[in-house]
Amino acid sequence: MQTTQITVRNVSPILKRRIDKLAKLKSMSINDFVLDALQDKVGGKTAKDTVSWRQYSGLIDNKGINQKVLDDFEMVDKTMWDKT
């Protein structure tokens with residue numbers, strides 16, 4: 001399944017604390033919690049969408065990790081940050 005990344009700006013400190021607290025209470029990552037909340041609110045959740053990374057944490061061996069993809073997260077996009 002192909003996914004898309006989005007960024008949410010202007011999150012109030014109160015909302016951020018609430019998200020952090022609820023995600024921790026449910027033993028979920030913030031990303032998984034927010035995705036679940038969005039899917040519950042706007043719809044689009046199907047039976048096959050209910051599988052999340054947290055269900056499989058620790059079950060992937062090193063052969064299943066693509067280091068090139070992980071390395072992409074370490075690179076800074078200078079065009080994005082040099083807009084001063």
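Residues in the stretch 1-35 that are more than 29 Å from MET80 (Cα to Cα), at pLDDT below 90 and within 13 Å of the chain's Cα centre (by Cα): 1 in all.
A quick yes/no check of all residues on (1) surrounded by 10 or more Cβ atoms within 10 Å (Cβ to Cβ); (2) out of contact with any Cys (no Cβ under 6 Å at 6 or more places or on another chain); (3) modelled with pLDDT under 60; (4) in a helix (DSSP H, G or I):
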| residue | (1), (2), (3), (4) |
| --- | --- |
| LEU38 | yes, yes, no, yes |
| LYS41 | no, yes, no, yes |
| GLY44 | no, yes, no, no |
| ASP49 | yes, yes, yes, yes |
| ARG54 | yes, yes, yes, yes |
| MET75 | no, yes, no, no |
| MET80 | no, yes, no, yes |
| LYS83 | no, yes, no, no |
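The values are calculated or read from the model by the stated rules, or taken from the named source; none is laboratory data. The structure displayed is predicted, hence computed values, not measured ones. Counting neighbours? That spans all protein chains shown, and the Cβs are built from the backbone with ideal geometry, glycine included.
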